[in-house]
Structure formats: C-alpha cells, structure tokens
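Worksheet for the structure shown next.
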Amino acid sequence: MSRNLRTWFLRFPFVCVIAASMGWIGLILMYLGSPFFPRIDDFWTRYVALASTLIWGVASYFLRNSQLRSWVIFGIASPLVGALLVAPPASFAFVLAKAYVAIPVGLATGVVMYVIVCGGNSHNHGVNRSGEVGRSFGTAGISLLLSSTDNCRMTNRVSVANAVIVCNGLWTAARSIDPRRTFPAMGRPYLEANRQTDRPSGASR
C-alpha cells in the first residue's frame with residue numbers, strides 16, 4: 001500500500017463522519033421554515049446521511065490527488081448527485097428548488113473534505129513546488145547579487161575618489177582659515193613656524 005493510499009485510508013472515518021453530518025445539516029437547512037424537522041432517527045435523514053457518505057467516500061478516493069478546484073466543483077454538484085440516489089425525480093426537483101441552500105452546503109463540504117483528505121499531501125507538494133521556486137529565485141538572486149556587486153565595485157571607486165576630493169578640498173579650505181580662530185591654542189606655534197620659514201635667510205642675523 002502506497003503512502004498516499006494509506007493516508008486516505010486513515011482519514012476515511014473522518015470523511016464518513018463529515019459527509020453524514022453535512023448531509024444532515026443540508027437537509028435541516030432545506031426544510032428550515034417548514035413544519036417538518038428532519039430528526040436524526042428519521043428514515044429519510046439516515047438515508048440522506050448514508051447517500052452522502054457513499055458519495056463522498058467514493059469521491060475522496062478518486063479526488064485524493066486533486067486540487068481544491070476539483071473538490072469545489074464536485075461539492076457544487078454533490079447535492080444533485082445525492083438527489084439522483086435518494087428518490088429521483090422528486091428529490092432532484094426538490095434540490096433544484098432549494099439550490100440556494102444545497103449548493104453552498106455542498107461547496108462547504110467540498111472544501112472541508114479537501115482539507116481532511118489532501119491537507120498533508122497538498123502541503124508536501126506545496127513544499128516541493130516552493131522549494132523548486134525557491135531554488136529558481138535563489139539562482140536568479142545570486143546572479144542579481146553578483147551583478148549588483150560588480151556595479152557596486154565600480155561605483156565604490158568613484159565614490160571613494162569623490163570622497164577623497166571632497167575631503168582634500170575641505171582639508172585645504174580648513175587650512176586656509178586663520179588657525180587662531182579655529183585652534184587658538186595651536187595657532188601661535190603654527191604662525192611662528194610659518195614666519196621663520198618665510199623669513200629671508202639673512203634677516204635672522
């Protein structure tokens with residue numbers, strides 16, 4: 001027995017319970033507002049629950065590898081399929097008259113069945129697909145990173161050169177300012193050294 005089939009077999013009891021419960025809930029909602037209330041011990045309630053269990057039990061086997069869209073489509077059609085099994089053609093006409101209730105209940109049943117039957121399997125498939133997508137994006141990201149690194153290397157040279165020019169310009173401008181204004185304590189030795197350097201060689205004598 002494959003792992004997929006074993007997973008379906010283990011989840012089959014939950015499928016039966018949900019199918020019977022949703023069949024009963026749908027029957028209650030369709031008879032809502034009428035004097036008749038479908039009790040759980042009534043013959044027709046059990047018959048509808050049995051038909052719903054049979055329909056969804058078979059459908060869960062064939063749809064266990066399908067996507068959510070297939071489950072939703074079958075869920076919409078499941079009330080009509082159940083009506084054909086219960087008491088056609090009167091039940092078929094009754095379901096069509098109560099389609100505003102039967103179709104949403106069937107749709108909700110399909111979504112719940114998908115979560116129960118395909119929850120783990122779809123997650124694994126999703127992980128594989130996301131891993132493949134992640135590897136593709138990773139390759140593209142590495143290429144983009146390498147190209148951006150190359151661009152940054154060229155940009156950094158220009159940026160460093162501009163920074164050096166700006167810093168040299170600022171340093172030159174700072175040196176042109178009177179040191180006594182900028183550094184009062186250090187300005188006097190700097191001026192004296194400049195005077196001695198600028199003074200002619202014979203003037204010191």
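Among Ala97, Ala93, Ala49, Ala77, which is the only one that is at pLDDT 90 or above, touching a Gly at 6+ places or on another chain (Cβ under 6 Å) and over 24 Å from Asn4 (Cα atoms)?
Every option except Ala49 fails the conditions.
For segment 1-41, which positions are over 32 Å from the mean Cα position of the chain (by Cα) and either among the β-branched types (Val, Ile, Thr) or exposed (fewer than 14 other Cβ atoms within 10 Å of the Cβ) (or both)?
Met1, Ile25, Ile28, Leu32, Gly33, Ser34, Pro35, Phe36, Phe37, Arg39, Ile40, Asp41
Among the residues of segment 39-77, count how many are in contact (Cβ under 8 Å) with a residue 60 or more places away in the chain and among the polar types (S, T, N, Q).
The total comes to 1.
For segment 89-104, which residues satisfy the criterion of being in a helix (DSSP H, G or I) and either exposed (fewer than 15 other Cβ atoms within 10 Å of the Cβ) or among the hydrophobic types (A, V, I, L, M, F, W, C) (or both)?
Residues satisfying the conditions are Ala90, Phe92, Ala93, Phe94, Val95, Leu96, Ala97, Ala99, Tyr100, Val101, Ala102, Ile103.
Name the residue that is surrounded by the fewest Cβ atoms within 10 Å (Cβ to Cβ), counting only residues in segment 42-88 that are among the aromatic types (Phe, Trp, Tyr) and more than 18 Å from Val112 (Cα to Cα).
Phe43
Tally the residues that are part of a helix (DSSP H, G or I) and closer than 19 Å to Ala108 by Cα, restricting the search to segment 28-59.
15
The values are calculated or read from the model by the stated rules, or taken from the named source; none is laboratory data. Worth saying up front: this structure is predicted, and the values here are computed from it rather than measured. All Cβ positions, even for glycine, are placed from backbone atoms using ideal geometry, and neighbour counts span all protein chains on display.
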